[in-house]
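The values are calculated or read from the model by the stated rules, or taken from the named source; none is laboratory data. No experiment lies behind these values; they were computed from the predicted model shown. Counting neighbours? That spans all protein chains shown, and the Cβs are built from the backbone with ideal geometry, glycine included. The protein model used for the area step is the full one, side chains on, heavy atoms only, and it has no ligands, DNA or RNA in it. Shrake-Rupley method; radii C 1.70, N 1.55, O 1.52, S 1.80 Å.
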Amino acid sequence: LSTYGRIIAITRQALINDDLNALSRIPAAFGARAAQLEGDIVYAILMDNPTMSDGQPLFHASHGNLGTAAVINEASISAALKAFTAMKGADGAPIRMMPRYLIVPAAGPRLLEAQKLVASVTAGKTQDVNVFAGAFEIITDPRLIPTSGQDPWFLAADPALVDTVEYAYLEGQEGVYTETRQGFEVDGTEIKARHDFTAKAIDWRGLYKNPGA
């Protein structure tokens with residue numbers, strides 16, 4: 001768990017001249033930035049592929065959750081579902097779960113492929129039926145757009161069924177703590193914000209990655 005924070009000093013003159021009440025929005029801005037920080041930490045887990053307790057990366061062939069590079073289509077999704085059905089718990093027994101979320105970058109080919117995959121289509125012929133219509137909830141985020149290379153895509157199980165990525169806060173501090181004081185080194189007011197947060201991939205069995213193609 002890490003503590004993140006910032007102190008902003010506001011001069012007496014700025015307070016007096018704040019006709020638009022811009023300074024009153026600072027606490028809300030702190031909250032918005034804390035939410036962004038949490039997202040940065042969570043999605044970095046998917047992109048950085050951290051080492052798990054068994055010494056292997058989160059997404060690895062030995063974990064059975066790393067697919068062969070492919071676009072999102074019926075064939076690659078079918079392969080991913082087969083990998084999910086082969087997952088076993090720590091006791092060696094089958095988990096028998098299916099993914100609920102399809103996680104893709106917020107722009108680019110993966111987003112379009114994901115939207116087409118789950119779209120409802122009125123088919124005139126049996127072979128034109130979209131078998132995956134409505135099968136997944138799509139989650140998008142710009143943090144998943146890589147600086148180079150292909151756009152990846154991910155599948156995740158319902159966290160109520162199997163551990164995936166865990167949010168963690170300091171007990172009693174589930175949010176941004178703010179306080180103000182009259183400045184001593186600044187002739188005005190100081191506003192402090194503090195946030196205690198971390199996130200961790202608890203188990204690889206509820207997550208699947210395809211590097212994209």
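The table that follows gives values for the structure above.
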{"read-out": "Unmet criterion (only one of (1) over 30 Å from TYR4 (Cα atoms); (2) out of contact with any Gly (no Cβ under 6 Å at 6 or more places or on another chain)) for GLN150", "value": "(2)"}
{"read-out": "Check on PRO159, within 25 Å of ALA35 (Cα to Cα), surrounded by 13 or more Cβ atoms within 10 Å (Cβ to Cβ) and not charged (D, E, K, R)", "value": "yes"}
{"read-out": "Verdict on LYS200 being farther than 26 Å from ALA34 by Cβ, open to solvent by 10 Å² or more (accessible area, probe 1.4 Å), in contact (Cβ under 8 Å) with a residue 60 or more places away in the chain and not in a loop (DSSP other than H, G, I, E, B)", "value": "no"}
{"read-out": "Subset tally (residues that are in contact (Cβ under 8 Å) with a residue 24 or more places away in the chain and small (Gly, Ala, Ser)) for region 5-57", "value": "7"}
{"read-out": "Selected residue (only one of THR189, THR180 is touching a Leu at 6+ places or on another chain (Cβ under 7 Å) and closer than 30 Å to ALA14 by Cα)", "value": "THR189"}
{"read-out": "Test: residue in region 102-122 that is closer than 20 Å to ASP203 by Cβ and not hydroxyl-bearing (Ser, Thr, Tyr)", "value": "yes"}
{"read-out": "Residue match in region 124-137 (condition: under 22 Å from ALA201 (Cβ atoms), open to solvent by 30 Å² or more (accessible area, probe 1.4 Å) and modelled with pLDDT of 90 or more)", "value": "yes"}
{"read-out": "Out of THR68, THR11, sole residue that is of a type in the set (S, T, N, Q) and more than 30 Å from GLY188 (Cβ to Cβ)", "value": "THR68"}
{"read-out": "Filtered residues of region 170-197 (kept if touching a Pro at 6+ places or on another chain (Cβ under 9 Å) and part of a loop (DSSP other than H, G, I, E, B))", "value": "VAL176"}
{"read-out": "Residue, farthest from GLN56 (Cα to Cα), within region 167-185, restricted to residues that are surrounded by 14 or more Cβ atoms within 10 Å (Cβ to Cβ) and in contact (Cβ under 8 Å) with a residue 24 or more places away in the chain", "value": "GLY183"}
{"read-out": "Given (1) over 22 Å from the mean Cα position of the chain (by Cα); (2) closer than 27 Å to ALA199 by Cβ, number of the condition ALA34 does not satisfy", "value": "(1)"}
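Residues are listed down the side, and each one gets a yes or a no for (1) touching a helix residue (DSSP H, G or I) at 6+ places or on another chain (Cβ under 9 Å); (2) at pLDDT below 90; (3) at negative phi; (4) among the hydrophobic types (A, V, I, L, M, F, W, C):
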site	(1), (2), (3), (4)
ASP19	no, yes, yes, no
SER24	no, yes, yes, no
ALA29	no, yes, yes, yes
ALA34	no, no, yes, yes
LEU37	no, no, yes, yes
MET52	yes, no, yes, yes
PRO57	yes, no, yes, no
ALA79	no, no, yes, yes
ALA90	no, yes, yes, yes
